[in-house]
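Notes follow once the structure below has been shown.
The values are calculated or read from the model by the stated rules, or taken from the named source; none is laboratory data. Bear in mind that the values here come from a model prediction, so they are computed numbers and not experimental data. Note that each Cβ is placed from the backbone with ideal geometry, even for glycine, and that neighbours are counted across all protein chains shown. In case anyone asks, the SASA skips ligands and DNA or RNA and just uses the protein heavy atoms, side chains included. Shrake-Rupley method; radii C 1.70, N 1.55, O 1.52, S 1.80 Å.
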Amino acid sequence: DDPDAARPEDVVIELDPQMAFGTGTHPTTQLCLVALEDLVTPGARILDVGCGSGILSLSAVLLGAASAVAVDVDPVAVETAGVNAAKSGVGESVEVRRGDITVVPEEGFDLVVANINAPIVCQIASEAWRRLRPGGYFIASGIIETLMESPLTAIKDAGFHVPDIRRQEDWVAILGRRPD
């Protein structure tokens, strides 16, 4: 048996990151993918901030989300995420936009995921709050464990409860929940 072979219950994504970030092998991406597995519900709306290759948006839709909006400031990432969404058969469900979180004025997302870095997480925590429905989750990663205090404080200051902080190697993913 090949330990890397896909099992029937696995979600398989064909992905070409080109020059964009996000192949699924980095600990922060893995932390986000596991959090998505735990938190995506059928019909959910997802916002992926700093989408890179689009791996988190594609995964969310393949896990049952109705739609994802993926944003990135890098034009190469925007193009790559769009191509990867089409290749994965979820192009109709993943909308890719160039820019930061502020190019997404909509509210009512069930999940906001940002696998970026500690300073950017600090900057966008309150913006993530505004885009989430009550009871929604903010998955913030790309954070080195030794630099976790500032983003954790920013997430709490934005109004989130923090039910979980997940760790892998020297990295963390902070899960913030907007109260009902």
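Does Val76 satisfy the criteria of being open to solvent by 10 Å² or more (accessible area, probe 1.4 Å) and either part of a strand (DSSP E or B) or closer than 24 Å to Leu63 by Cβ (or both)? So Val76 fails the test.
Matching residues to (1) hydrophobic (A, V, I, L, M, F, W, C); (2) open to solvent by less than 10 Å² (accessible area, probe 1.4 Å); (3) more than 16 Å from Thr29 (Cα to Cα):
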position	(1), (2), (3)
Arg98	no, no, yes
Thr102	no, no, yes
Ile116	yes, no, no
Ala128	yes, yes, yes
Ile143	yes, yes, no
Pro151	no, yes, yes
Lys156	no, no, yes
Arg178	no, no, yes
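Within the range 41-53, if we keep just the residues that are at pLDDT 95 or above and more than 19 Å from Glu106 (Cα to Cα), the residue that is least open to solvent (accessible area, probe 1.4 Å) turns out to be Thr41. Answer with yes or no whether Thr41 is in contact (Cβ under 8 Å) with a residue 60 or more places away in the chain, outside any loop (DSSP other than H, G, I, E, B) and more than 13 Å from the chain's Cα centre (by Cα). Taking the combined requirement at face value, the residue does not satisfy it.
Being without any contact (Cβ under 8 Å) to a residue 24 or more places away in the chain, not in a helix (DSSP H, G or I) and not hydrophobic (A, V, I, L, M, F, W, C) narrows it down to one of Gly91, Gly52, so name that one. Sole residue among the options that is without any contact (Cβ under 8 Å) to a residue 24 or more places away in the chain, not in a helix (DSSP H, G or I) and not hydrophobic (A, V, I, L, M, F, W, C): Gly91.
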